[in-house]
Amino acid sequence: MLLIPVIIINLILIVGSYRNPDELPGVFGIKPAVVLSGSMEPVIRVGDMIFIHNTDTDLLKEGDVICYLSSGKAITHRIAGVTAGEEGEVRYVTRGDANNTEDRLPVTADQIQGIWKGGRIGGLGSMILFMQTTTGMILFIICPLLLFLLWDIWRRRRADQEEASHTAQLEAELAALKAERESKERKP
């Protein structure tokens, strides 16, 4: 049962990332993301699946954990401070909980993908990444399909054998009834 939602999430990630490579893919304002680094440990661990929620960037404050894009990569860090840029635009100074210093470049509102509100599933991200490999596709897609096909072939053969056995029984009963009737007809 766990496999179905995992496959759905994986498909959403794949299709959404191809459809719009400048945004994290998501459904109903929630964007699943796989954690690849330990910069937010121990709160968020490598291999976790986290859920990023769309947010109004004007509501963000120091201490919020945000996900933003930098050089095409999604980064999830905590807001360490809020500053103003050269033209008065809001910029967010971020830092990973496990890092010693703030991130080198401040984050602008247009980079922000959303806010992390604490939703995570430990290890699910690693499983999804594995499913995107050739070995993962074989194990999670091809093998189940082959097992289903083999089960269906076995089930059909078994049904055919049961039907043939039932038919043979009926034919044997019919032959016995015919023989009984013939023997009664011969007796005067």
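Taken over region 1-24, the criterion of being of a type outside the set (A, V, I, L, M, F, W, C) and either farther than 26 Å from residue 138 by Cα or over 12 Å from the mean Cα position of the chain (by Cα) (or both) is satisfied by 16, 17, 18, 19, 20, 21, 22, 23.
Of note, residue 40 does not satisfy the criterion of being surrounded by 14 or more Cβ atoms within 10 Å (Cβ to Cβ), touching a Pro at 6+ places or on another chain (Cβ under 7 Å) and of a type in the set (A, V, I, L, M).
Kindly evaluate residue 113 against the criterion of being over 13 Å from the mean Cα position of the chain (by Cα) and touching a residue at least 60 places away in the same chain (Cβ under 8 Å). In short, yes.
Contact map, region 1-25: first residue surrounded by 15 or more Cβ atoms within 10 Å (Cβ to Cβ), second residue modelled with pLDDT under 80 and of a type in the set (A, V, I, L, M), Cβ cut-off under 7 Å, separation 6 or more or different chains; pairs are 25/12; 25/13.
The values are calculated or read from the model by the stated rules, or taken from the named source; none is laboratory data. All values derive from a computational prediction rather than experimental measurement. All Cβ positions, glycine included, derive from the backbone under ideal geometry; neighbour counts span all protein chains shown.
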